[in-house]
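Here is the structure we will look at.
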Amino acid sequence: MDAAMNCPKCNSEHAYQDGVLWVCPECAHEWSTDAAAAAESAQEAGVRDAHGNPLTDGDSVIVIKDLKVKGSSSVVKGGTKVRNIRLTEGSDGHNIACKIDGIGAMNLKSEFVKKA
């Protein structure tokens, strides 16, 4: 059996097809090959900056506008360069984790940065 039919959750080789779904007997995960293809194409889209450039972990970005820091009177000024970003899955749209000098660790939305 090829690696494409291994369970995407636990990578078990014992997955079997049941109608249109694939089933993993070890972790009880069910998936369809159509959903797997859609997930792969969504992953290819990835996180993009305000200008549509793809971002990856470790990139440097520049903040394009002044951003208020929630819960503080501080402001991240437009033009601030942020180094060594980490991409995250934020449910609230904050998909960049970073550390900004003078402010500390925070999360940013990719729509407010451009790739440096």
Pairs where the first residue, in the range 80-104, is over 16 Å from Asp49 (Cα atoms) and the second is aliphatic (A, V, I, L, M) and surrounded by 11 or more Cβ atoms within 10 Å (Cβ to Cβ), C-beta under 7 Å, 6+ apart: Ile100/Val76; Ile100/Val82; Ile100/Met106; Ile103/Val69; Ile103/Val76
Go through (1) modelled with pLDDT of 80 or more; (2) over 30 Å from Lys115 (Cα atoms); (3) exposed (fewer than 14 other Cβ atoms within 10 Å of the Cβ); (4) not polar (S, T, N, Q) one by one and return the number of the condition Asp34 breaks. (1)
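The values are calculated or read from the model by the stated rules, or taken from the named source; none is laboratory data. Treat the numbers as computed from the prediction; the structure is a model and nothing was measured. Cβ sites come from the backbone with ideal geometry, for glycine too, and all protein chains shown count toward neighbours.
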